[in-house]
Amino acid sequence: MATLDAARKSALRQELEAIVGRGGVLADPDELLVYESDGLTLFRALADFVVFPTAAEHVAAIVKLASREGLPFVARGAGTGLSGGCLPAEGGIVISLMRMNRVLEVDYDNQIAVVEPGLVNLHLSWAVGPRGYYYAPDPSSQQACTIGGNIANNSGGPHTLKYGVTTNHVLGLEVVMPDGEIVWLGGRTRDTQGYDLAGVFVGSEGTFGIATKVVVRILKKPQAVKTVLAVFDAVAQASTAVSEIIARGLVPAAVEMIDQLTIQAVEDAFGCGYPRDAAAALLVELDGLRVGIETQAEQIAHACRDAGAREVRMARDESERALLWKGRKSAFGAYGRVSPAYMVMDGVIPRTKLPYVLDRVNAIVAAHGLRVGNVFHAGDGNLHPNILYDPRNPGEEARVVEAGAEIMKLCAEVGGSISGEHGIGLEKADFMPFIFSAADLAMMQRLKSAFNPTGLCNPGKVFPTKKSCVEVGPVAYRAHPIEEKGLAQRF
Amino acid sequence: MPAVPLDKLRAIVGPAGVLSGVELSPYVVEGRTPETAVFPGSLDDVRAVVELAAAEGIPIIPWGGGTAAAVGTPIAPARSGLVLGLARLNRIVEHEPGDLTATAEAGTTVASLQAALKTRGQWLSLDPPDADRATVGGVMAANAWGPRRHLYGTARDLVIGMTVVTADGTVVRAGGKVVKNVAGYDLPKLFVGSYGTLGILVDVTVKLRPLPAEERLVAVRFERLKDAAAAARAVMASDVIPNALELLDAEAARALGGGPTLVVGFDGLGEQVDWQCGELQALVSPLGGAGVQAMGADAWPRLAHAAAVALGHQPAALMRLSVLPAQAGEVMEQAAVAARARGLVCACSAHAGVGAVVAALFSDQGQQELTRVVATLGDWRSIARGSGGHAVLEWAPLAVKSQVPVWDDAGAAGRIMQRIKAQLDPQNLLNPGRFVAGI
């Protein structure tokens, strides 16, 4: 980790302020603490500076400065990531894109929008909604997460079952390369020539450069939406229903599964209308033409009943539909009702392995003396086991990490992957060998070298590495320095 | 220059898998005859052949069905290298209907894969031309597509994994077998459209879709291309969800009965297809469209070549213009005006919803019209750029290619591509010199 003495830090601060203005640089330890982790609070690392550029030229100047000084730098959006991907693992500069949050242009004729990376995902759909359009990738954190962060992680969401993940919706990017050059990868047209640079940039977890403008596709809102809730007395029945839906040639927009523990937490928190005694529920959404949607909904209902659903009902109106989705999308928050902390896993398995893997996941977690809640994208086999724990109990956190690693191994064993949408970041870097050979990883390293030869751009991520300056430990309450000084109070 | 070690190659793949002499004639590209053509029968064979070629410094030209072999910058390399044919690697490795995924070896033809998937009610939603010859690996490498990309996207949207032999003979697994996967970099994207310059694709894993209950292709004829283009835009802004949206100018539509024509595909439940055809009629009538006419299913594969075969003889050049979708019609008109101004005839078709225009240029005479052909292609490239896009010279005789760059200027991105090539193929052995930015 780069260590800066006070004189050098002060000089650098002045240089950074000359680029972005005095209000655009954080350097005091109290302020930097806010940026020490992302949504995965298990990992923490402190930056030397957090900088808030408002233009691509600022980003380029900051990157050039960092390169000159040999300081690592990492881009950060809203910090909702769940793998530690935007942590300053080796110190240096955090470049926050949160002040670059504009919709620059919407071209409805060509169904594209040009946006800045700090734009909140949902705000794009709000911006184009009045004209009947929306942005399809819908991570559960879409009220807070940014398009830039989505690009880094190639984020998904419930409706990506039908509409694809972020990479399927990004046409081009203006990128500040790790050497400070501003380059366009892809563009506004659907096709580009040469290697698919935009395609490899998306999902590169901030290690290939920093996107400063993004061209995304926007879609016409479907004419009709139909949401089906199927209730089961056994998790295995719900898993079977997923297979039945696929086997019947149906293509729902989303198929989400929610287990009992999660249903109860959600009902305690929000009262969304899920039956508390159900072992599992499937939330299935169809969209598209008004014609035929009733027929398809009936087919879904049949598939669920044939799999043993005790109840199948349709959302009667938009408000009931919104409530069901609120339950699904707020599930992570609702775990706060039943546990002081949880760790979300993000494995992917072939859909046909769902019943076996869910059983095994529950057994693994139980064997470590812990509880798990499952709420996940069943339609594409993207699991989210949430392991509940109390960080104040000595040793419990270590058991969570062990159980997590076993679940990742299980996903790999059945031919799956260790991440469907959250990214590798710091969290899963050491799990990469579960699914990739040394040769596979070496090829990824060579690709990285073509973009980021010095390695200063977001070091310590994706690849299994020597330990970096990251603190891993209990996330129990610690007083913030401003509390200690009596400047703020915790309620 | 040392001779290509035929004996060593025969030892790897067996004597029948190594061609020489007149057997090489199908593999002659732009007058270059390869030193040999080698047909490995397994992943390990591929690895061993590449390892040998790398050790001897022999260039490798990966070869699937050969349908895109002529695409690329003409070159006069020091040695013509060996063709590495994947035709023997043609098995479907795995198809798990419940997972909606399949893995096929690279030499599997698209048609045979589709036929196998169809028996289980599924398909790969990619419909490149010449499906009976085009191979799964070749289609990925050339990023080939067809009309249904309007709804279902291109290879990059469908591929989830690949086995690749890199330039030094290392076996690399890119991606995986599951439909959603962000572990590590998205390597499969790198190989889609790479024209064999980064590695040899040995097998490919793809996402599948259930076959729709019904599919229908319909045509609407217009008096003016302008109106047909307006109709295409109206369809895009409407509630219908076509799986294809093709715009053909009067020349390209000759085989369909002539007149600028909008061809639209619909799939889904029967009632959905019916409703959409009715809706289409309501959309096109005010814009001067004639009645919606159903076409036979056999019309689908003909759409890809509509422009190229329009005049019944070989075109002087084929150019692919990638432009903003809403400007496809205007670009087609401008291309025709430019050709006419030079005394030439052209035929254009477009996947209108994605802005992929194919323009075929025709001339009666060879040599004396060369200057006019070259000038027109230059005009077309300017037209594409004027619409925020670019143009690729898909096919032309060597005389034309020697004067018109095949690829458009890749700008600063081209330098990143060169760095990637240098990282993955430092000896520059894989299909050297044929690709973008001199790669």
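Can you bin chain B into rounded, prolate or oblate? Criterion: square roots of the alpha carbon gyration tensor eigenvalues sorted a ≥ b ≥ c, rounded for a/c under 1.5, prolate for a/b above b/c, oblate for the rest. Walk me through the numbers before you get to the answer.
Details: a/c = 2.06, a/b = 1.35, b/c = 1.52.
Cα axes put chain B in the oblate bin.
Karplus couplings for region A:14-31 from phi (6.51 cos²θ - 1.76 cosθ + 1.60, θ = phi - 60°), rounded to Hz, Gly and Pro as x?
Couplings: 4, 5, 5, 5, 5, 7, 10, x, 5, x, x, 10, 10, 9, 6, x, 4, 6 Hz.
Mind listing the phi-derived Karplus ³J(HN,Hα) values for region B:131-144, rounded to whole Hz, using 6.51, -1.76 and 1.60 with θ = phi - 60°, and x for any glycine or proline?
Each residue of region B:131-144 in turn: 4, 6, 10, 4, 9, 4, x, x, 5, 5, 5, 9, 6, 7 Hz.
Share of antiparallel DSSP beta bridges in chain B, in percent to the nearest 5? Kindly include the intermediate steps, with their values, before the conclusion.
Details: 63 of 71 bridges.
Counting only bridges with both partners in chain B, antiparallel ones make up about 90 percent.
Using Cα pairs under 8 angstrom and six or more residues apart, how large is the relative contact order of chain A, in percent? If you can, show how the numbers build up before the last one.
On the way: 1038 pairs, mean separation 77.4, N = 491.
Dividing the mean separation by the residue count of chain A yields 16 percent.
For the Cα atoms of chain B, what angle does the longest principal axis make with the long axis of helix B:411-424, in degrees from 0 to 90, nearest 10?
On a 0 to 90 degree scale, this one is about 30.
Please list the non-local residues whose amide H lies under 5 Å from the amide H of B:Ala317, H modeled 1.01 Å from N, same-chain partners needing a gap of 5 or more.
Close amide H contacts, sequence-distant or interchain: B:Leu361.
Just checking the output field for B:107-116: average partner chain Cβ neighbours within 10 Å of each residue's Cβ?
Mean number of neighbouring Cβ atoms from other chains: 0.
Can you list residues whose amide H is under 5 Å from B:Leu245's amide H, if they're 5+ apart or on another chain and H is modeled 1.01 Å from N?
Sorted by chain and number, the residues that satisfy this are B:His150, B:Gly265, B:Ala352, B:Gly353.
Whole number please: convex hull volume per residue, Cα atoms of region B:142-218, in Å³.
Working: hull volume 7.8 nm³, N = 77.
Spelled out: Cα convex hull of region B:142-218, divided by residues, is 101 Å³.
Where a ≥ b ≥ c are the square roots of the eigenvalues of the C-alpha gyration tensor, would you call region B:289-361 rounded, which needs a/c under 1.5, or, failing that, prolate if a/b is larger than b/c, or oblate?
Working: a/c = 1.74, a/b = 1.27, b/c = 1.38.
Oblate, because a/c is 1.5 or more while a/b does not exceed b/c.
With the Cα gyration tensor of region A:54-100 giving a ≥ b ≥ c as the square roots of its eigenvalues, does the rule (a/c under 1.5 for rounded; else a/b larger than b/c for prolate; else oblate) give rounded, prolate or oblate?
Details: a/c = 3.72, a/b = 1.22, b/c = 3.05.
Oblate.
Return the inverse of the average 1/r over all pairs of distinct C-alpha atoms in region B:317-401, which is the Kirkwood hydrodynamic radius, in Å to one decimal.
12.4 Å
Defining a contact as two alpha carbons under 8 Å apart and six or more residues distant in sequence, what relative contact order in percent does chain B show? List each step's numbers first, then the result.
Details: 954 pairs, mean separation 63.9, N = 439.
Relative contact order of chain B: 15 percent.
Non-local amide H neighbours of A:Gly288 (under 5 Å, H modeled in plane, Pro and chain starts lacking H): which ones?
HN-HN under 5 Å from A:Gly288: A:Gln223, A:Ala224.
Over what distance in Å are the Cα centres of region B:72-123 and region A:9-63 separated?
Region B:72-123 and region A:9-63 have Cα centres separated by 49 Å.
Using only helices, what value at 222 nm comes out for chain B when you add -39,500 (n - 2.57) per DSSP H run of length 4 or more and divide by the total residues, to the nearest 500 deg cm²/dmol? Walk me through the intermediate numbers first.
On the way: 14 runs with 132 residues, N = 439.
For chain B, the value works out to -8500 deg cm²/dmol.
So for region B:28-185: antiparallel DSSP bridges make up what percent, rounded to the nearest 5?
60 percent
What whole number of Å gives the distance from the Cα centroid of region B:384-407 to the Cα centroid of region B:204-280?
The distance from the Cα centre of region B:204-280 to that of region B:384-407 comes to 28 Å.
Please report, for the Cα atoms of the protein assembly as shown, the Rg to one decimal and the Dmax as a whole number; what are they, in angstrom?
Both quantities, over Cα of the protein assembly as shown: 28.0, 89 Å.
To make sure I understand, if each residue's beta carbon is the centre and we count other beta carbons within 10 Å, what order do B:Asp99, A:Asp317 fall in, fewest to most?
Values: B:Asp99 23, A:Asp317 8.
Lowest to highest Cβ neighbour count: A:Asp317, B:Asp99.
Which whole-Hz ³J(HN,Hα) couplings does region B:318-325 yield from phi under the Karplus relation 6.51 cos²θ - 1.76 cosθ + 1.60, θ = phi - 60°, glycine and proline marked x?
10, 10, 10, 10, 9, 9, 5, x
Can you give me the three principal axis dimensions of region B:6-85 from its C-alpha atoms, in Å, biggest first?
31, 23, 22
Find the centroid of the Cα atoms in region A:399-435 and in region A:343-377, then give the distance between the two in whole Å.
12 Å
Rounded to the nearest 5, what % of the DSSP beta bridges within the protein assembly as shown are antiparallel ones? Display every interim value, and only then the final one.
Values: 121 of 137 bridges.
Bridges in the protein assembly as shown that DSSP calls antiparallel: roughly 90 percent.
If you put +1 on each Lys and Arg Cβ and -1 on each Asp and Glu Cβ, how big is the dipole of chain A around its Cα centre, in Debye rounded to 20?
360 debye
Would you check chain B for Lys pairs whose C-alpha atoms are within less than 18 Å, ignoring same-chain pairs closer than 8 in sequence, and give me the count?
Details: B:Lys118/B:Lys207; B:Lys177/B:Lys189; B:Lys177/B:Lys207; B:Lys180/B:Lys189; B:Lys180/B:Lys207; B:Lys189/B:Lys207; B:Lys189/B:Lys421.
Total qualifying Lys-Lys pairs in chain B comes to 7.
Give, as ranges by residue number, the residues of region A:150-183 whose backbone N falls under 16 Å from the point 7 Å along Cα→Cβ of B:Arg385.
Under cut-off, by backbone N: nothing.
None of the figures in this text is laboratory data; all of them are computed from the coordinates on show. If you're wondering where the values come from, they're calculated on a predicted model, not measured in any experiment. Cβ coordinates were reconstructed from backbone atoms using ideal geometry, including for glycine residues, and neighbour counts include every protein chain displayed.
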